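Step one of this worksheet: look at the structure below.
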């Protein structure tokens, strides 16, 4: 029996709206992000989850706290392995100028230009997280609240995506969206 992973990307922050790379910069949801989390809460209302895992960053924590009000689930567990990718000296910069350098698998899978976590590092920690879920939660329904980079990596790992070219060309999640994966 497969384990169901229900993945929620955190609601919008002012950085998402302004196209600023936040990575590990801790920021709260903006008004739109709160509304996105409330909408997600309505979508998930009445669901039962065997476990809830969340990134410890404020934007994910706020989203998880809002959406878990109307579901049956144990206490939220915060896990650093599902933090957003660290972007080093790129954090705080305008995203359109830097995304080509940050997410090109051919050039940043094992390399780092300005202190950012390479994509292999993201893959290793997300893979470790998934293996723990696989062991602890066989056949269960799990809620994960985290970041776009983590969702993209989960998709890449579970669907055995080729590790070349543009990383985000295969998968994208809007803020406050829900995706379902199977382990």
- request: Would you please list the contacts, defined by Cβ atoms under 6 Å and residues six or more apart or on different chains, that run from a residue in region 151-170 that is on the phi < 0 side of the Ramachandran plot and modelled with pLDDT of 90 or more to a residue that is crowded, with 17+ Cβ neighbours inside 10 Å and part of a loop (DSSP other than H, G, I, E, B)?
  value: 151/173
- prompt: In region 31-88, which residues are assigned to a strand (DSSP E or B) and touching a helix residue (DSSP H, G or I) at 6+ places or on another chain (Cβ under 7 Å)?
  reply: 52, 53, 54, 76
statement: Every listed condition ((1) at pLDDT 95 or above; (2) within 20 Å of residue 149 (Cβ to Cβ)) holds for residue 66 save (2)
- line: Checked against (1) modelled with pLDDT of 95 or more; (2) more than 21 Å from residue 172 (Cβ to Cβ); (3) in contact with a helix residue (DSSP H, G or I) (Cβ under 6 Å, 6 or more places away or on another chain), residue 26 satisfies every condition except (1)
- request: Tell me which of these residue 28 doesn't satisfy, since it passes every other one: (1) under 17 Å from the mean Cα position of the chain (by Cα); (2) in contact (Cβ under 8 Å) with a residue 40 or more places away in the chain; (3) assigned to a loop (DSSP other than H, G, I, E, B).
  value: (2)
query: Can you find even one residue in region 123-139 that is in a loop (DSSP other than H, G, I, E, B), out of contact with any helix residue (DSSP H, G or I) (no Cβ under 6 Å at 6 or more places or on another chain) and at pLDDT below 85?
result: no
task: Mind listing just one residue for me: the one in region 72-102 that is at pLDDT 95 or above and touching a strand residue (DSSP E or B) at 6+ places or on another chain (Cβ under 7 Å) and, of those, nearest to residue 130 (Cα to Cα)?
output: 82
Complete set of residues in region 1-24 that are in a loop (DSSP other than H, G, I, E, B) and surrounded by fewer than 17 Cβ atoms within 10 Å (Cβ to Cβ): 1, 2, 19, 24
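Of all residues in region 140-151 being part of a strand (DSSP E or B) and touching a helix residue (DSSP H, G or I) at 6+ places or on another chain (Cβ under 7 Å), which is surrounded by the most Cβ atoms within 10 Å (Cβ to Cβ)?
Within region 140-151, the match that is surrounded by the most Cβ atoms within 10 Å (Cβ to Cβ) is 145.
The values are calculated or read from the model by the stated rules, or taken from the named source; none is laboratory data. Because the structure is predicted, anything quoted here is derived from the model rather than measured. Please note: Cβ atoms are built from the backbone with ideal geometry, for glycine as well, and neighbour counts cover all protein chains shown.
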